[in-house]
Amino acid sequence: MRILAINDISCVGKCSLTVALPIISSCGVTCDILPTAILSTHTGGFQGYTFRDLSEDIPAIIAHWKSLHLQYDIIISGYLGSISQIEMVKQVKKDLLKEGGLFVVDPVMGDNGILYSHFDKHFVEEMKGLCKIADIIVPNLTEACFLTDTNYSEVKEQDYPAILAKLKELCPRPSVTGCDIRCNGAVRSAVFYTDDTGNVKSYSTEKIEGAFHGAGDVYASALVGALARGVDMDKAVEISAKFTKNSIAQTKNDGTEARYGLNSESQMLKFLLDVEKAAK
């Protein structure tokens, strides 16, 4: 099993490829990487960071891999800094994904109801095009709203299934994170997703207050790792959501600044045992 993770490298602040590579590889599969940019830190909560766009290097990398006849069982794309990089990822899928392989898109664009500063509506439209050729997409609620032209500020709990239904018009198996629901008087954090047979379902965990950078990357990476081991969508969502929640709890208990990412390392063993138990 060979997986390709396409994302940026943020040297400090656990997110993107520094999260994807260890989590996916720990599941016992090969994970290659295609960096889209390299940053001294990620852009959330840090000032004065360095940024180098690697777009010019990507075509040569793809050409080299083609000469080696590399093919991937799963490709997952994350942060893409420009429309040209979206087009490059489409080409990567065309050239390097095995027939019958899985293409997963994490449409990183925004959070808390707003787009990140360097993205606009035109970028959203292009991201919709990438989602249309994906097998699974893993947006947070903000990104799901932009992809479905839904007003984030007006979204209520009862609207989540309708948002998922709209996402299914783009991609057969969407999985939306960061959906707050009320259960027995308490607020829980839920993932709304489509299972392997097309049914809309949800899975919730305890909601831990605060904004924790890299949580979406942890979830998406864990999901891909579990799916790569043959875990079905229901169990993969459950395992990944629990792992993410446990990592957030560990980070909060450790008193680590949220901008430095999740302390998922100490939760890795339990995650791997869950994957191994559920693997086909």
Long-range neighbours under 7 Å by Cβ, at least six apart or interchain, first residue touching a residue at least 60 places away in the same chain (Cβ under 8 Å) and farther than 18 Å from residue 10 by Cα within region 249-272, second of a type outside the set (Phe, Trp, Tyr) and loosely packed, with under 12 Cβ neighbours inside 10 Å: none
Residue that is farthest from residue 60 (Cα to Cα), among those in region 79-109 that are of a type outside the set (Asp, Glu) and touching a Pro at 6+ places or on another chain (Cβ under 9 Å): 109
Selected residue (criterion: nearest to residue 222 (Cα to Cα)) from residues of region 34-50 that are hydrophobic (A, V, I, L, M, F, W, C) and surrounded by fewer than 17 Cβ atoms within 10 Å (Cβ to Cβ): 38
Residue list for region 78-125, filter: under 14 Å from residue 55 (Cβ atoms), touching a residue at least 60 places away in the same chain (Cβ under 8 Å) and either of a type in the set (Ser, Thr, Tyr) or part of a strand (DSSP E or B) (or both): 79
Residue 198 within 23 Å of residue 158 (Cα to Cα) and within 15 Å of the chain's Cα centre (by Cα): no
Considering residues of region 45-77 that are of a type in the set (Gly, Ala, Ser), in contact with a strand residue (DSSP E or B) (Cβ under 9 Å, 6 or more places away or on another chain) and in contact (Cβ under 8 Å) with a residue 12 or more places away in the chain only, the residue farthest from residue 118 (Cα to Cα): 77
Answer from 169, 238 - the residue that is more than 24 Å from residue 116 (Cα to Cα), of a type in the set (D, E, K, R) and assigned to a loop (DSSP other than H, G, I, E, B): 169
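Residue-wise test of (1) in a strand (DSSP E or B); (2) of a type in the set (Ser, Thr, Tyr); (3) within 26 Å of residue 73 (Cβ to Cβ).
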position	(1), (2), (3)
178	yes, no, no
181	yes, no, no
221	no, yes, yes
224	no, no, yes
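FYI, it's all coordinate maths here, none of it is from the lab. Quantities reported herein were computed from a predicted structural model and do not represent experimental measurements. No Cβ is skipped: glycine too gets one built from the backbone with ideal geometry, and neighbour counts run over all protein chains shown.
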